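A short reminder: the numbers here are calculations on the coordinates, not readings from a lab. Quantities reported herein were computed from a predicted structural model and do not represent experimental measurements. Neighbour counts are summed over all protein chains in view; Cβ atoms, including those assigned to glycine, are modelled from backbone coordinates with ideal geometry.
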Amino acid sequence: MSYRSAFRADLFAGQTHLVTGGGSGIGRCCAHELAALGANVVLIGRNVERLEATQAEIIEDGGKASFYSVDIRQEADVRETVAKIVAEHGRIHGLVNNAGGQFPAPLMRISKNGWDAVVNSNLTGGFLMAREVLNQSMHEHGGSIVNIIADMWRGMPGMGHSGAARAGMLSFTETAAVEWASFGVRVNAVAPGFIASSGMDRYDPSFAEFVVPQMRGTIPSSRMGDEDEVSSAITFFLSPAASYTTGACLCVDGGSSLNTKLFPLSDHARMPEQKAFHRAVKPQAVLRTLKKDA
Ligand SMILES: CCCCCCC/C=C/C(=O)SCCNC(=O)CCNC(=O)[C@H](O)C(C)(C)COP(=O)(O)OP(=O)(O)OC[C@H]1O[C@@H](n2cnc3c(N)ncnc32)[C@H](O)[C@@H]1OP(=O)(O)O
Ligand SMILES: NC(=O)C1=CN([C@@H]2O[C@H](COP(=O)(O)OP(=O)(O)OC[C@H]3O[C@@H](n4cnc5c(N)ncnc54)[C@H](OP(=O)(O)O)[C@@H]3O)[C@@H](O)[C@H]2O)C=CC1
């Protein structure tokens, strides 16, 4: 097996894990990792060539994989696909709700269809997958669901449709964690920051030219993340190492969601010394301002 996971090699032996968007990028990487850990991996996506290619890579590596070409926004197709998987594998242990995407656009230029396409991909599709997996398998045996969201904290300017959908997915994660805990089902989320995945190739090159220089000054780790750094967070949530963790969200973002706009990273070297700052703002003056505001 060529994928070198940080986890134990037989962690998921005999288990069945579904990865939506498993034909490319983060989903493909995760499918490789789960297969390397012994899982039967079921890939879900729309593009058959990509799914076939990932399946072939996994099998060549000695792993087990199958695929279904499905649009996760189509309720009847999702229901039917999950039924086929349960019929073939008997039980679903894990679901990675990773399929999704968006197009960069300011809110004022997003059409109703554009909004719906993105919200249905990143919120409704994930809900449909999770509900069917729960109703058709996990409610009987338990399991683990991991929803991939995004760095949408305090809004997602330039991708507002996706931000709204991902924030919804986080709320869905928390509700499902509570409602499904009694079935032995854990539901968690992973929020990637700026990841150098093959998915980035799907944007016009002008997007990278515009965004990458701006990103540099906002990621404390000073680099983009890699697909395997997201995959290992997903694997953690699927594994027994997270057996008492549900409704949680793990940010895999090099600290970008913590970055404060008050002191942008590039300005740290030029920050005024603390002493000078205190001299400039007298405590009495601060108190007066606070009282006035109250
Ligand atoms: C702001 C900086 C943040 C940086 C952090 C980066 C965070 C995220 C990174 C990633 O997610 S990486 C890559 C993930 N993969 C993708 O994003 C896939 C690329 N996108 C798509 O495949 C599609 O856009 C979609 C979102 C899946 C929609 O595809 P679908 O086939 O359902 O839609 P269409 O039928 O083509 O169109 C429906 C509707 O949407 C409008 N639309 C589609 N693309 C664009 C566009 N580029 N610009 C404007 N509008 C678009 C399309 O015109 C249709 O609307 P109407 O014309 O009918 O009104
Ligand atoms: N890379 C990054 O920086 C970040 C990525 N993310 C999110 O992580 C996830 C993986 O992204 P990444 O690997 O980078 O990008 P990719 O574009 O490579 O992955 C998205 C996958 O989702 C599948 N997909 C999209 N829509 C549907 C649908 N309606 N039904 C079924 N499958 C669908 C695509 O397959 P197909 O086209 O064949 O259907 C594709 O395999 C996405 O949700 C992405 O938005 C979040 C934050 C940052």
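Comparing Cα centroids, region 219-251 and region 1-77 end up 18 angstrom apart. Amide H contacts for Gly21 (H built 1.01 Å from N in the peptide plane; partners 5 or more residues away or on another chain; cut-off under 5 Å): Ile44, Gly45, Ala99.
Which order do peptides 246-253, 130-137 fall in by mean Cβ count within 10 Å, highest first? Spell out each step's value before the answer.
On the way: 246-253: 18.5, 130-137: 20.0.
Top to bottom by mean Cβ count within 10 Å: 130-137, 246-253.
Relative contact order for the chain: 16 percent, from Cα pairs under 8 Å spaced at least 6 residues apart, divided by residue count. Which of Thr20, Thr260, Thr124 moves the most in a Gaussian network model of the chain with Cα springs under 10 Å? Greatest mean-square fluctuation among the candidates belongs to Thr260. Backbone geometry of region 95-104 corresponds, through the Karplus equation with coefficients 6.51, -1.76 and 1.60 at θ = phi - 60°, to 3J(HN,Hα) couplings of 10, 10, 7, 10, 4, x, x, 6, 10, x Hz, x marking Gly and Pro.
When each of Arg73, Arg109, Arg8 is scored by the number of other beta-carbon atoms lying within 10 Å, the sequence from fewest to most is Arg109, Arg8, Arg73.
For region 1-129, the Stokes-Einstein estimate of translational diffusion at 4 °C and a viscosity of 1.567 mPa s comes to 85 µm²/s, using the Kirkwood hydrodynamic radius over alpha-carbon pairs.
Counting every C-alpha pair in region 209-253, the share spaced more than 16 angstrom apart comes to 52%. Projected onto its three principal axes, the C-alpha set of region 16-259 covers 48, 40, 37 Å, listed from the longest axis down. When region 58-178 is described by a simple charge dipole with +1 on each Lys and Arg Cβ and -1 on each Asp and Glu Cβ, the residue from Ala99, Gly143, Met159 located farthest towards its positive end is Met159. Rounded to the nearest 10 degrees, what's the angle between the helix 205-216 long axis and the longest principal axis of the chain, both from Cα atoms, 0 to 90? That helix lies at roughly 50 degrees to the long axis.
On the basis of the beta-carbon distance and an R0 of 45 Å, Asp61 and Thr175 show a calculated FRET efficiency of 0.75.
Among Ala176, Ala117, Ala65, which one moves the most in a GNM of the chain with springs linking Cα atoms closer than 10 Å? Among Ala176, Ala117, Ala65, the largest GNM mean-square fluctuation belongs to Ala117.
Among Ser66, Ser232, Ser206, the largest mean-square fluctuation in a Gaussian network model of the chain (Cα springs under 10 Å) belongs to Ser206.
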